Every structure is written in structure tokens, then in C-alpha cells.
Amino acid sequence: VDGKGLFATKKYVKDEIIFKLDGKIYNSPTRETIYVGNSKHIHDKYGMYINHSFNPNVWISHTNESVVALSDIEIGDEWMFNYNENEVNMANPFVVGDLLVSGKQ
């Protein structure tokens, strides 16, 4: 969001839950929500700063609405997930190089 990101302040190991998303639930996506289930998009005060990457180091568990490490994460690493793998549709799609980032659609 506006050039900001979310960075690790401690180490995490692969498959470790980093934190549980918490916040207002919306029926449709906004620029700052994360998809966590059918017509369920959460606005988490920290999650909204997790940026997109085609080589993510975290993923969003829809089962327990948590951010989970895809690989070991070191202090200072930026947490990023692949919006195309997690989001169903996005309020604000964008292009990276020649690839559209718009959710699974």
C-alpha cells in the first residue's frame, strides 16, 4: 500500500503460522482486503501491507485465516504472497511486466 511493506522482526520456519488475520469482513474485495473464503474478504491492519510477489514467502490459509511461512524467513525479509494464487478477484488489478495480477478469476 503506497510503497509500504511488512517485514519480519523475528525468524520463522517453513509452515509456521506468522499471525492470524483479524479485522472487519467484507462481502467483496477492496484495495486493502485479503480473500479468506467465499464472499469473505478481511481488512487486517497488518495484512493490508503484505505485497505481491510471483516468488512468495508466505501464503494465506483460508482454513484458519492466517499468514503462514512458505519457506524459512529471516529477520528483515519482506512478507509477500502471490495475489494470483490467493485472491479470487481484485478491486484493483495491476500489471507486472507483461503479467496481469488480478486474482484466480
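The values are calculated or read from the model by the stated rules, or taken from the named source; none is laboratory data. A quick note: this is a predicted structure, and the numbers were derived from the prediction, not measured. So basically every Cβ, Gly included, is an ideal-geometry build from the backbone, and we count neighbours across all protein chains shown. These area figures cover heavy atoms from the full protein model, side chains too; ligands, DNA and RNA do not enter into them. Shrake-Rupley method; radii C 1.70, N 1.55, O 1.52, S 1.80 Å.
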Give the carbon-plus-sulfur fraction of the accessible surface of the chain in %, rounded to a whole number; probe 1.4 Å, heavy atoms of protein chains only.
49
Restricting to lysines and to Cα separations under 17 Å from K20, and discarding same-chain partners fewer than 8 apart, the set is K10, K11, K40, K45
Sequence-distant or interchain residues sharing an amide H contact under 5 Å with S71, placed H: which?
D15
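Rank-order 69-75, 52-58 by packing density, defined as the average count of other C-beta atoms within 10 Å over each peptide's residues, highest first.
The most tightly packed comes first, giving 52-58, 69-75.
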Integer Hz, Karplus 6.51/-1.76/1.60 couplings in order for the stretch 41-48, x for Gly and Pro:
10, 9, 9, 9, 5, 9, x, 5
In the chain, if every C-alpha pair distance is counted and binned at 10 Å from zero, what percent goes to each bin?
15, 52, 30, 3
Measure out, as a whole number of angstrom, how far apart the alpha-carbon centroids of the stretch 40-105 and the stretch 18-38 sit.
11
Per-residue ellipticity at 222 nm attributable to helices in the chain (runs of n ≥ 4 DSSP H, -39500 (n - 2.57) apiece, nearest 500 deg cm²/dmol) works out to -500 deg cm²/dmol
Name the longest site-free stretch of the chain, where the excluded sites are trypsin sites (Lys or Arg not before Pro) in a DSSP loop with no more than 15 other beta-carbon atoms within 10 Å.
46-103
Between D98 and S28, 0.36 nm times their residue separation minus their Cα-Cα distance comes to what?
22.6 nm
The chain: relative contact order from alpha carbon pairs under 8 Å, six or more residues apart, as a whole percent, is 31
Rounded to 5, percent antiparallel among DSSP beta bridges of the chain
90
